[in-house]
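Inspection log for the structure reproduced underneath, given as structure tokens.
The values are calculated or read from the model by the stated rules, or taken from the named source; none is laboratory data. The structure presented is a predicted model; accordingly, all values stated were derived computationally and were not measured. With ideal geometry, Cβ positions are generated from the backbone for all residues, glycine too; neighbour counts draw on all protein chains shown. Protein only, heavy atoms only, side chains kept; ligands, DNA and RNA dropped before computing areas. Shrake-Rupley method; radii C 1.70, N 1.55, O 1.52, S 1.80 Å.
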Amino acid sequence: MGGGRVGGGGELLVGVDIGTASSKGVLVTADGQLVARADCPHRTSQPRPGWVEHDAEMVWWADFVRIVWQLVAAAEGRALAGLGVSGIGPCLLPADAAGDPLRPAILYGVDTRATAEIAELTAEFGAEAVLARCGMALSSQAVGPKLRWLARHEPDTYRRMRMLLMASSFLVHRLTGQYVLDHHSASQCAPMYDLAARRWDPAWAEQVAPRLPLPELAWPTEVVGRVTAAAAAQTGLPAGLPVTTGTVDAWAEAFSVGVREPGEAMVMYGSTMFCVQMVRAVRPHPGLWGTVGTLPGSYAVAAGMATAGAVTDWLRGLVGADFDTLLAEAAQVPAGSHGLLLLPYFAGERTPIFDPDARGVLIGLTTRHGRAELYRAALEGTGYGLRHNLEAMSEAGGPARRLVATGGGTQGGLWTQIVSDITGLSQQLTEYAVGACYGDAMLAALATGTGSGPWSWNPVVTTVSPDPVRAERYAEFYPRYRELYPATRPIAHFLASQQRAPASP
């Protein structure tokens, strides 16, 4: 576990986010200055091919408790005004009537176990009807198919289930006793949420998850409860501290960098790559997720790549070199990586193709290529994938008039420059790229009325602009990138089936 003290002064807010590979927390003043931060790494469990899980007690709650104790100590007795939480989502954590987990949480779109249920529910409700009502097609990202999978394959667990929890709502229930979910997270529970009406659809929900009590709905800008005496004893938080509804991490992170108005978009550089664009109204697109936003009445379209930094992490481990060395070497390689193209579908792909059996492809290899070219090709491949998604988002919500980059992958500058060169778009970087936990603190400030509001907390400090020469070079490569997936799809699907097959002697 890591942590650090950064600044100080005045009434304080706490934000905690549960991520895929680590949890993070911040202590922030009423005007947005960092006082302290803490993090706690963890691992996912992959018990079978296509399954990705977290133990909610050992990961979500244990991380939260460790982080909060450290942040409370850093407060040195100063008053806390509110707590905001977020987490990976949409997830499925089945819990009993007391809120205790019945099995490990089934994670978001990276968990692809419910393929048969996706096809089944799409046939039952109709693809066009689902897209029109829910703002998204059913995919591995949707919670509805995971619920049906649970009922079919683990019927005893489903019979005992009384709560549908996600990372944020699990923390809120553990802290306050309230069974509540934010509207944004609910809007990713397709096909159970009506996007236009902004409510559960009782008939569709009953068909997907019979007799399951669904949580009350609230916005991430609302206080939904206060820390109980029992939770205070476990966490060190003061009893009675206001707790917000919480939300999915990517939307909290978008809020943290000022993406709140229609036409504003965020790209989050991490193990995966995620994009959120605020829109006035959702025009359903079969290759994207249409959702409600964090602010009441707002809407967004979103896109997510299954792997991004995970590909470069894999490559670093394969060649045995550190990040700084590979980055420096890749920076010396010209645009196009001396004639290499990489398709970054190493864990299938989410948007805009929704193909869990897609696979990674590297084409153009010769003996002259080394690790520098491979590393740059990996960065370029994610850049092409992002451009593909941004084009789809433009179709669904209009072109982004402002693009903000955040996440650990913005460090070093090469990856963001490659993306700007490939997409032809400038990217803004803000003063703080702490992540979703900073957005959680912002939402807590808004919900509790602390300070003057978070609207000026995180100013833009840097802009990455496309280089016209490299952009012209990438314009030659991009159409070939788009041809690569359909050309290799049948082979990838065959290989995916072989990867799932039992090993032969």
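Name the one entry in L342, L362 that is open to solvent by less than 30 Å² (accessible area, probe 1.4 Å), assigned to a strand (DSSP E or B) and under 14 Å from L484 (Cβ atoms).
Values: L362 fails: open to solvent by less than 30 Å² (accessible area, probe 1.4 Å).
That would be L342, the only listed residue that is open to solvent by less than 30 Å² (accessible area, probe 1.4 Å), assigned to a strand (DSSP E or B) and under 14 Å from L484 (Cβ atoms).
Looking only at residues that are in contact (Cβ under 8 Å) with a residue 12 or more places away in the chain and of a type in the set (S, T, N, Q) in the stretch 483-502, which one is least open to solvent (accessible area, probe 1.4 Å)?
T488
Checking the structure you have, find out if any residue of the stretch 84-106 is under 25 Å from D249 (Cβ atoms), among the charged types (D, E, K, R), open to solvent by less than 10 Å² (accessible area, probe 1.4 Å) and in contact (Cβ under 8 Å) with a residue 40 or more places away in the chain. Don't jump to the end; show me each part of the working.
Filtering the stretch 84-106 for residues under 25 Å from D249 (Cβ atoms) gives 84-95, 99-106.
Remaining after also requiring among the charged types (D, E, K, R): 100, 103.
Checking the rest, the ones that are also open to solvent by less than 10 Å² (accessible area, probe 1.4 Å) come to none.
Looking through the stretch 84-106, none of the residues is under 25 Å from D249 (Cβ atoms), among the charged types (D, E, K, R), open to solvent by less than 10 Å² (accessible area, probe 1.4 Å) and in contact (Cβ under 8 Å) with a residue 40 or more places away in the chain.
I need the full set of residues from the stretch 395-433 which are in a helix (DSSP H, G or I) and modelled with pLDDT under 95, in order please. Reasoning before the result, please.
To start, the set of residues in the stretch 395-433 that are in a helix (DSSP H, G or I) comprises 395-397, 408-410, 414-423.
Of everything in the stretch 395-433, those that are in a helix (DSSP H, G or I) and modelled with pLDDT under 95 turn out to be E395, A396, G397, G408, G409, T410.
Those residues that are more than 27 Å from A230 (Cα to Cα) and touching a Pro at 6+ places or on another chain (Cβ under 9 Å), I need them from the stretch 158-184; list them, please. Step through it out loud before you land on a result.
Restricting attention to the stretch 158-184, the residues satisfying the condition of being more than 27 Å from A230 (Cα to Cα) are 158-159, 183-184.
Scanning the stretch 158-184 gives Y158, H183, H184.
Of the conditions (1) in contact with an Asp or Glu (Cβ under 9 Å, 6 or more places away or on another chain); (2) under 29 Å from C91 (Cα atoms); (3) modelled with pLDDT of 95 or more; (4) among the hydrophobic types (A, V, I, L, M, F, W, C), L80 clears all except one; give me its number.
(2)
Select from the stretch 33-69 the residues that are open to solvent by 70 Å² or more (accessible area, probe 1.4 Å) and assigned to a helix (DSSP H, G or I) and list them in ascending order.
Listed by number, the residues that qualify are M58, R66, W69.
Please go through the stretch 13-32 and pick out each residue that is closer than 16 Å to T272 by Cβ, touching a helix residue (DSSP H, G or I) at 6+ places or on another chain (Cβ under 7 Å) and part of a loop (DSSP other than H, G, I, E, B).
G19 - this is the single residue of the stretch 13-32 that is closer than 16 Å to T272 by Cβ, touching a helix residue (DSSP H, G or I) at 6+ places or on another chain (Cβ under 7 Å) and part of a loop (DSSP other than H, G, I, E, B).
Which of the residues that make up the stretch 349-383 are among the aliphatic types (A, V, I, L, M) and in contact with an Asp or Glu (Cβ under 6 Å, 6 or more places away or on another chain)? Let's see the steps before the verdict.
As a first pass, look at the stretch 349-383 and keep what is among the aliphatic types (A, V, I, L, M): 353, 358, 361-363, 365, 372, 374, 377-379.
Correct list: A358, A372.
Within the stretch 434-482, how many residues turn out to be under 11 Å from V257 (Cα atoms), open to solvent by 50 Å² or more (accessible area, probe 1.4 Å) and in a loop (DSSP other than H, G, I, E, B)?
The number of residues fulfilling the criteria is 3.
When residues of the stretch 184-241 are filtered for being assigned to a helix (DSSP H, G or I), over 19 Å from S86 (Cα atoms) and in contact (Cβ under 8 Å) with a residue 12 or more places away in the chain, how many remain?
Final tally of qualifying residues: 5.
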